[in-house]
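Asker: Got a structure for you, questions after.
The values are calculated or read from the model by the stated rules, or taken from the named source; none is laboratory data. Nothing here was measured: the structure is a model prediction, and the numbers come from that model. Note that each Cβ is placed from the backbone with ideal geometry, even for glycine, and that neighbours are counted across all protein chains shown.
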Amino acid sequence: MTTPDIAGLCERLRRKVVVCLTTDKPLKKLVNPDGPEAADTLERQAAEIERLRGALRDIKALPDLSKNPADDFDRGARAARLDAADIARAALTGEDQ
């Protein structure tokens, strides 16, 4: 499901219908009472996925240590890998960096 698909689904989950009462006064009632909660959950998960994708792009951009084993001893390369792991972990929880 793409982001626009999720947005459309969330909109439908929050949809209200007009129910005509015997008094002819319209009443807005949720089509699905659990819909707003489900929509909130889907939006949080979509945001989490986007944060993870960003973190993974950052990790993929790091130098490949297998091509130059000497880099494994480079503190900068190790620190970059640890930072990348922290970024990915933060992306999962929604923490600020």
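Asker: Can you tell me which residue among 40, 96, 83 is modelled with pLDDT under 70, on the phi < 0 side of the Ramachandran plot and out of contact with any Ser or Thr (no Cβ under 9 Å at 6 or more places or on another chain)? Break it down into steps so the answer makes sense when it comes.
Answerer: Numbers: 40 fails: modelled with pLDDT under 70; 83 fails: modelled with pLDDT under 70.
Answer to the check: 96.
Asker: Is region 60-75 home to any residue that is exposed (fewer than 14 other Cβ atoms within 10 Å of the Cβ), modelled with pLDDT of 75 or more and hydrophobic (A, V, I, L, M, F, W, C)? Spell out how you get there, then give the answer.
Answerer: Start the filter on region 60-75 by keeping residues that are exposed (fewer than 14 other Cβ atoms within 10 Å of the Cβ), which leaves 60-64, 66-70, 72-75.
From what's left, modelled with pLDDT of 75 or more: none.
No: zero hits.
Asker: Condition check: within 30 Å of residue 81 (Cβ to Cβ), of a type outside the set (Gly, Ala, Ser) and in contact (Cβ under 8 Å) with a residue 40 or more places away in the chain. Does residue 62 satisfy that? Outline the logic, then answer.
Answerer: On the way: within 30 Å of residue 81 (Cβ to Cβ): yes; of a type outside the set (Gly, Ala, Ser): yes; in contact (Cβ under 8 Å) with a residue 40 or more places away in the chain: no.
No, not satisfied.
Asker: Within region 9-21, count every residue that is modelled with pLDDT of 75 or more and more than 17 Å from residue 49 (Cα to Cα).
Answerer: From region 9-21, those modelled with pLDDT of 75 or more are 9-17; that's our starting set.
Checking the rest, the ones that are also more than 17 Å from residue 49 (Cα to Cα) come to 11-17.
Matching residues across region 9-21 total 7.
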